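Each remark here refers to the structure printed beneath this line.
The values are calculated or read from the model by the stated rules, or taken from the named source; none is laboratory data. Just so we're clear, the structure is a prediction, and the values are computed from it rather than from any experiment. When we count neighbours, we look across all protein chains shown, and the Cβ atoms used for this are built from the backbone with ideal geometry, even at glycine.
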Amino acid sequence: MLDTAEYVTKKNSLASRKHEIEQKIKDAERGGNDWLEPMREIILRSRDAKMLLSEDKPEEYPTFLRNVGSNFLLKGNALRWEPRRGWGAIANRAGCSIWSG
């Protein structure tokens, strides 16, 4: 059996934990899908890149590249750049080694 002091201590501890969990749930509901729109954009832009390369339109490359990155530097035959959010994973893939040297 608990005395009053032990009961109050345990009750306060559980109430605090409940509040923390409720706050985490609210945070997850508000920001849980913040990755969805950037991922959609990456998928669409990746499709655009594939079409751009297959249609062989090098005059459109600069416009596309400005949308996916910044700080471009052509060094030898390699293009160095800083990818925008989400594009880093794609740029660092082995198949993209010609883009970053």
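For region 1-49, name all the residues that are more than 24 Å from the chain's Cα centre (by Cα) and outside any helix (DSSP H, G or I). Across region 1-49, the qualifying residues are Met1, Leu2, Asp3.
Residues in region 68-101 that are surrounded by fewer than 10 Cβ atoms within 10 Å (Cβ to Cβ), of a type in the set (Gly, Ala, Ser) and modelled with pLDDT of 85 or more: Gly76 alone. From the list Leu52, Leu65, which one is touching a helix residue (DSSP H, G or I) at 6+ places or on another chain (Cβ under 9 Å), surrounded by 11 or more Cβ atoms within 10 Å (Cβ to Cβ), among the aliphatic types (A, V, I, L, M) and assigned to a helix (DSSP H, G or I)? Just a single option satisfies the conditions, and that option is Leu52. Taken as a whole, the structure places Arg30 among residues that are within 30 Å of Gly86 (Cα to Cα), basic (Lys, Arg), out of contact with any Ser or Thr (no Cβ under 8 Å at 6 or more places or on another chain) and surrounded by fewer than 10 Cβ atoms within 10 Å (Cβ to Cβ).
Take the conditions hydrophobic (A, V, I, L, M, F, W, C) and surrounded by fewer than 10 Cβ atoms within 10 Å (Cβ to Cβ) and apply them to Leu36. Does it pass? Criteria met by Leu36.
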